[in-house]
Amino acid sequence: MNYYFSTELINLTFEEAILKTKEALKKEGFGVLTEIDMKNTLKQKLDVDILKYKILGACNPSMAYQALQVENKIGTMLPCNVIVQEKGQGNIEIAAVDPAASMQAIKNDALVSIAKKVRAKLEQVIQNLANE
């Protein structure tokens, strides 16, 4: 089982790809709680250069609440990470974690059911981006 889904967007700036990704997440009920700029962080901490790479911490509040009700330590695996990374001039890859793959480590059938619903929403986000 893959642990992520992805698509590549062509002829967009990195900033446009971030905005499109946030819009696609919002349409599926997700908000972005955190943004981690890996390019800047690694430059500051290690003085290395990488292409633009951001990690968006996406949360669907309703699904997060349901998950917390059936597994109170699930917060260790939240929010769902979505990455936006520059692959080359005008090519941006968007990838989202597969929460159902992540939840295999937890033996809780109710949680697996919720994770599958979240997976479907994140797959739809990636599909919507691929179809734009």
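Values in this text are rule-based calculations from the coordinates and carry no lab data. Values in this document were obtained by computation on a predicted structure and should not be read as measured data. Ideal geometry is used to build each Cβ from the backbone, glycine not excepted, and the neighbour counts take in all protein chains shown.
For the chain, the membrane-span-like helices by this rule, meaning whole DSSP H stretches whose C-alpha atoms cover at least 15 Å of axis and whose Kyte-Doolittle mean is -1.0 or above, are 14-27, 109-130; this says nothing about an actual membrane. Sparse packing (at most 16 other Cβ atoms within 10 Å of the Cβ) combined with a DSSP loop state is found for the following trypsin sites (Lys or Arg not before Pro) in the range 1-92: Lys73. Taking 19 Å as the limit for the C-alpha separation, the pairs Lys27/Lys121; Lys20/Lys54; Lys52/Lys121; Lys73/Lys107; Lys54/Lys87; Lys52/Lys87 exceed it in the case of Lys52/Lys121.
One decimal place: the segment Asp109-Lys43 gains 19.6 nm when fully extended, by the rule 0.36 nm per residue minus the C-alpha distance.
Which of Asp47, Asp37 has the fewest other C-beta atoms within 10 Å, and how do the rest follow up to the most?
Values: Asp47 7, Asp37 13.
Listed from fewest to most nearby Cβ atoms, that is Asp47, Asp37.
For Lys52, nonlocal amide neighbours, meaning residues 5 or more places apart or on other chains whose placed amide H falls under 5 Å from its own, are Glu86.
Using alpha-carbon positions, what is the distance between the centroids of the range 113-132 and the range 44-86, in Å? About 15 Å separates the Cα centre of the range 113-132 from the one of the range 44-86.
Per the Debye calculation on the chain with a single equal scatterer at every Cα and no solvent contribution, log₁₀ I(q)/I(0) for q = 0.09, 0.16, 0.17, 0.21 Å⁻¹ amounts to -0.27, -0.80, -0.88, -1.19. Residues in the range 93-99 carry Karplus couplings, in order, of 9, 10, 9, 10, 4, 8, x Hz; the curve used is 6.51 cos²θ - 1.76 cosθ + 1.60 with θ = phi - 60°, and Gly or Pro positions show x. Taking other C-beta atoms within 10 angstrom as a stand-in for reagent exposure, Thr7, Thr34 fall in the order Thr34, Thr7, fewest first. Counting every other Cβ atom within 10 Å of each residue's Cβ, Glu132, Glu23 order from fewest to most as Glu132, Glu23.
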